[in-house]
1. If we only count helices (runs of 4 or more DSSP H) wholly inside region 82-186, which ones have 1 or more residues that are crowded, with 21+ Cβ neighbours inside 10 Å, modelled with pLDDT under 95 and in contact with a helix residue (DSSP H, G or I) (Cβ under 9 Å, 6 or more places away or on another chain)?
2. Taking only region 23-62 into account, find how many residues are of a type in the set (D, E, K, R), modelled with pLDDT of 80 or more and in a helix (DSSP H, G or I).
3. Looking at region 268-282, is at least one residue in contact with a Lys or Arg (Cβ under 9 Å, 6 or more places away or on another chain), in contact (Cβ under 8 Å) with a residue 60 or more places away in the chain and open to solvent by 30 Å² or more (accessible area, probe 1.4 Å)?
4. For the structure I just gave you, tell me whether Ala288 is open to solvent by less than 50 Å² (accessible area, probe 1.4 Å), of a type outside the set (S, T, N, Q), in a helix (DSSP H, G or I) and at pLDDT 90 or above.
5. Taking the condition of being open to solvent by 50 Å² or more (accessible area, probe 1.4 Å) and within 22 Å of the chain's Cα centre (by Cα), how many residues in region 395-414 meet it?
6. Report, by residue number, each residue of region 382-392 that is within 18 Å of Leu170 (Cβ to Cβ), out of contact with any helix residue (DSSP H, G or I) (no Cβ under 6 Å at 6 or more places or on another chain) and not in a strand (DSSP E or B).
7. Scan region 68-81 residue by residue and report those that are more than 19 Å from Leu301 (Cα to Cα) and either within 19 Å of the chain's Cα centre (by Cα) or open to solvent by less than 10 Å² (accessible area, probe 1.4 Å) (or both).
Amino acid sequence: MIITKMAMPRRTFLRGMGLTLALPLLEAMVPAATPLVRTAANPVRRLGFVFMPMGCDITRWTPPGDKLDQLSPILSSLALVKEHVTAITNLELQNAYPGSHATSNSAFLSAAKAKLTESTDYYLGTTVDQIAAQHIGQETQLPSLELAMDLMQVVGQCDNGYACVYQNNLSWSSPTTPLPAEAHPRIVFESLFGEGGSIADRQAALRKRASLLDWFNEDIARLNRKLGPGDRTRISQYLDTVRQVERRIQKAEADAADNPLPDLDRPVGVPAAYADHARLMFDLQVLALQGDVTRIITFQLARETSNRTYPEIGVPDPHHPLSHHGNDPDKIARMAKINQFHVSLFAEFLGKLKATPEGNGTLLDHSLYLYGSGIGNPNVHDHTNLPILVAGGAAGGMKGGHHIKYEKPKPLANLHLTLLDKVGVHLDKFADSTGKVDELFEPLAV
């Protein structure tokens, strides 16, 4: 690698033996005589979606006021990042009816009606993340990154005549092309830091050394001699995070040998505890965004109809039966505890984005994330009054700290159009919608 007095390209990598190491944004990447402060004023160009399955207890979800000064029980963990979050009440997915788990998942990012079929002639629509990827995804190593927490091995008919493909996949690059999500941290890690060649070749190379970073020691030392103290600190912090993530993956794989009876929905070699697995998947997203490996991410916290249990938070009941609570207060309370748990993991992730400097702001300022579900009241498979949050985006003018409440239901597709607009993809229509959620953002100062 050659570094001159010219600014380093933003797409700068260290390479070695089929591996590649993307770098975070450095001062050395900003053109000479261009203040770093300007990088914070650029439009948001990162877009993420986190899917929460099977709705929630909306009474414990909905904030009590127009601002997030006081948080609801389920959203209480957002306290430290609430100024970066907006809750939106009364969005709906009309194309998810007749109500089902399959259509909750499939319509969440497509806002489209799934073809009723149990076979391979499935048909949906291009999802909002993939529309963004088509426009800005070619600027990065990976056009998009699709993540999940569960194995997606269920095939055939899953839900009231709908093929399992509708529940397994959040992202569709065309109406007939679902994009499988990856739940294994090791595979995701290698997709972020692999440069080519077969997976077997990369794994063989890694086995020869204790860590991926061992391949880059000389290049890193050479790079640091060319950088200022601020950039050296950024590089050091970034590499420390890579090392920590890699060690946690290695530990999970080692621990798997002592666990002959893993969760049937959980890939072998991932952390045994749900929270540890989720945190690892969120940390991989931080690395992917920080290194500009991708700018489009989707993450499914669990698949619809998941029977996963959460003993770590005192909920040994399977999630899906709890969601059909029959208005039993005890079951609703346990379901709400799962909802709160999921939100707390998202809040931790937002905190890490907020703690990651970039330009004259943070990674959270320069990213937009939508968190929510395609079901409102799971007891009746209702697709109205969905639990929806939008986080980040201060560099793009998002207000944050607000609760937007609509008297009459509005399409979730309005929000998708708004988010696309903020990452530079300007459409007049998405699915059946031509509206936008203008209340989310303030005009950018010129």
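The values are calculated or read from the model by the stated rules, or taken from the named source; none is laboratory data. In this text, all values refer to a predicted model and were calculated from it rather than measured experimentally. Please note: Cβ atoms are built from the backbone with ideal geometry, for glycine as well, and neighbour counts cover all protein chains shown. Please note that ligands, DNA and RNA were not included when accessible areas were found on the heavy atoms of the full protein model with its side chains. Shrake-Rupley method; radii C 1.70, N 1.55, O 1.52, S 1.80 Å.
1. Fully inside region 82-186 and qualifying: 101-110, 165-168.
2. Here is the first cut: in region 23-62, the ones of a type in the set (D, E, K, R) are 27, 38, 45-46, 57, 60.
Of the ones still in play, those that are also modelled with pLDDT of 80 or more are 45-46, 57, 60.
Applying the additional criterion that residues be in a helix (DSSP H, G or I) yields 60.
Looking only at that region, the number is 1.
3. Within region 268-282, one or more residues are in contact with a Lys or Arg (Cβ under 9 Å, 6 or more places away or on another chain), in contact (Cβ under 8 Å) with a residue 60 or more places away in the chain and open to solvent by 30 Å² or more (accessible area, probe 1.4 Å).
4. yes
5. Residues of region 395-414 open to solvent by 50 Å² or more (accessible area, probe 1.4 Å): 399, 402, 405, 407-411.
Adding the requirement that they be within 22 Å of the chain's Cα centre (by Cα) leaves 399, 402, 411.
Number satisfying all stated conditions: 3.
6. Leu386 - this is the single residue of region 382-392 that is within 18 Å of Leu170 (Cβ to Cβ), out of contact with any helix residue (DSSP H, G or I) (no Cβ under 6 Å at 6 or more places or on another chain) and not in a strand (DSSP E or B).
7. Hits for region 68-81 are Leu68, Ser72, Val81.
Listed here are the residues, each with its yes/no results for (1) touching a residue at least 12 places away in the same chain (Cβ under 8 Å); (2) of a type in the set (S, T, N, Q); (3) touching a strand residue (DSSP E or B) at 6+ places or on another chain (Cβ under 9 Å).
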position: Lys354; (1), (2), (3): yes, no, yes
position: Gly361; (1), (2), (3): yes, no, no
position: Asp365; (1), (2), (3): yes, no, yes
position: Leu368; (1), (2), (3): yes, no, yes
position: Gly372; (1), (2), (3): yes, no, yes
position: Asn377; (1), (2), (3): yes, yes, no
position: His383; (1), (2), (3): yes, no, yes
position: Lys405; (1), (2), (3): yes, no, yes
position: Val423; (1), (2), (3): yes, no, yes
